[in-house]
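To keep things clear, I will list the structure first and then write my remarks on it.
The values are calculated or read from the model by the stated rules, or taken from the named source; none is laboratory data. As the structure is a computational prediction, the values presented were derived from the model and not from experiment. No Cβ is skipped: glycine too gets one built from the backbone with ideal geometry, and neighbour counts run over all protein chains shown.
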Amino acid sequence: MARQVSEETPEQPVEGEEQQQPESAAEQAPAPEERASARPRRAQAEPAEKPVVVPGADLEVDIVPEGVDPLAPLGAEAAYSYAEDEEPTEPAEPDAIEEVVAVEPIEEVAIDLAAGARYRATGKRKTAIARVTLRPGSGTYMINGRSLEAYFPRETLQRNIRQPLETVGYEARMDVIARMEGGGVSAQAGALRHGISRALLEADPNLRGELKRRGFLTRDARAKERKKAGLKKARKRPQFSKR
């Protein structure tokens, strides 16, 4: 007997159905143009504008009134006349600045100027030491056997040395005899001024307040800093080479 095998065969699509499936799929799938139009368009970001920096925009306008000197010191009103055919004239009070810089003498100074009066003191600055003696005289300076102009040729140092006696008002009534040791020219001048100021204090103790207020009695402690080990100077280091 022949063995009958029942095999299920897949159903074959009908010709009409095969033709309808692609048509329905084509109808359901949108066209590429419609797909592109259906997508939401992203808003194009506008480029950020860079801030415009104007140089000098934060500066304030400084207006100088007419007839006022813009370079005049504070507190001094210098009036100028600007005529069309004339050049600017000098300020009305040119001596106002000099009065501020000038040393005002101390009033009510009582120093005994007897024939044998001697006032001694020691002044110091850096490594310089000045042993000063004040005595009644005509205002001469004798420093290590030499005059003030010969020992200190610089006018600035001479002016600093004369300040204590000029402040007291005895620059033409007392002589200064000093013996200097150590230091340089500038240090010796500072030590001499310090010594004269301390000698004036020996002559009249009531001068302490005024002399100290003007800075004549203050010991100037500024000095050169010592050299450190491993360095070329106090702070200067050798050049560093990485390679």
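When ILE177 is tested against (1) modelled with pLDDT of 95 or more; (2) within 33 Å of the chain's Cα centre (by Cα); (3) among the aliphatic types (A, V, I, L, M); (4) within 30 Å of GLY116 (Cβ to Cβ), only condition (2) is not met. Filtering LYS228, LYS212, LYS232 for residues that are modelled with pLDDT under 95 and basic (Lys, Arg) leaves a single hit, LYS212. Each residue in region 178-213 was checked for being over 12 Å from ARG120 (Cα atoms), charged (D, E, K, R) and assigned to a helix (DSSP H, G or I), and 5 of them qualify.
Tallying residues that are more than 16 Å from GLY184 (Cα to Cα) and assigned to a loop (DSSP other than H, G, I, E, B) within region 105-163 yields 19.
Listed here are the residues, each with its yes/no results for (1) surrounded by fewer than 22 Cβ atoms within 10 Å (Cβ to Cβ); (2) more than 36 Å from the chain's Cα centre (by Cα).
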| site | (1), (2) |
| --- | --- |
| ILE143 | yes, yes |
| ARG159 | yes, no |
| ARG173 | yes, yes |
| GLY184 | yes, no |
| ILE196 | no, no |
| ASN206 | yes, yes |
| ARG219 | yes, no |
| LYS224 | yes, no |
